[in-house]
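Structure record follows, encoded as structure tokens.
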Amino acid sequence: MRFCPKCGSLMRVKGNKMVCSKCGYSDHDVEKVILKENINHENNKTIIADGETIEGRVAISLCPRCGSVRAILLNKKKRLYRCMACSFVYTI
């Protein structure tokens, strides 16, 4: 994270340089920039699959049957998941 030396605002990555979103100052002296993307889980959504309504949270979990990575967290304590692709119910 870098801050603008002119106005103190947070600078953002644009191509291979850092640019201030407030005053437009740009810094070309960027050797290595690491971008990090946060994954937001969808909390307590109602999901309808195969005519069945399921209350749960969409999570990233590898299905042992089909290899899909999107699943519904049915029970957090038991770590019970249902695959969104093949509807297989499994624990991890």
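The values are calculated or read from the model by the stated rules, or taken from the named source; none is laboratory data. As the structure is a prediction and not an experimental result, all values here were calculated from the model. With ideal geometry, Cβ positions are generated from the backbone for all residues, glycine too; neighbour counts draw on all protein chains shown.
At pLDDT 85 or above and not assigned by TED's automatic domain parsing to the domain that holds ALA85: does that describe GLY15?
On the way: at pLDDT 85 or above: no; not assigned by TED's automatic domain parsing to the domain that holds ALA85: yes.
Taking the combined requirement at face value, the residue does not satisfy it.
Which residue pairs have Cβ atoms under 7 Å apart, sit 6 or more places apart or on different chains, and have a first residue in the stretch 60-80 that is touching a residue at least 12 places away in the same chain (Cβ under 8 Å) and a second that is of a type in the set (Ser, Thr, Tyr) and assigned to a loop (DSSP other than H, G, I, E, B)?
ALA71/SER61
Which pairs turn up if I take residues in the stretch 1-28 that are on the phi < 0 side of the Ramachandran plot and look for partners that are part of a strand (DSSP E or B) and aromatic (Phe, Trp, Tyr) with beta carbon separation below 9 Å, at least 6 apart in sequence or on another chain?
Listed pairs, sorted by first residue: SER9/PHE3; LEU10/PHE3; MET11/PHE3; CYS20/PHE3.
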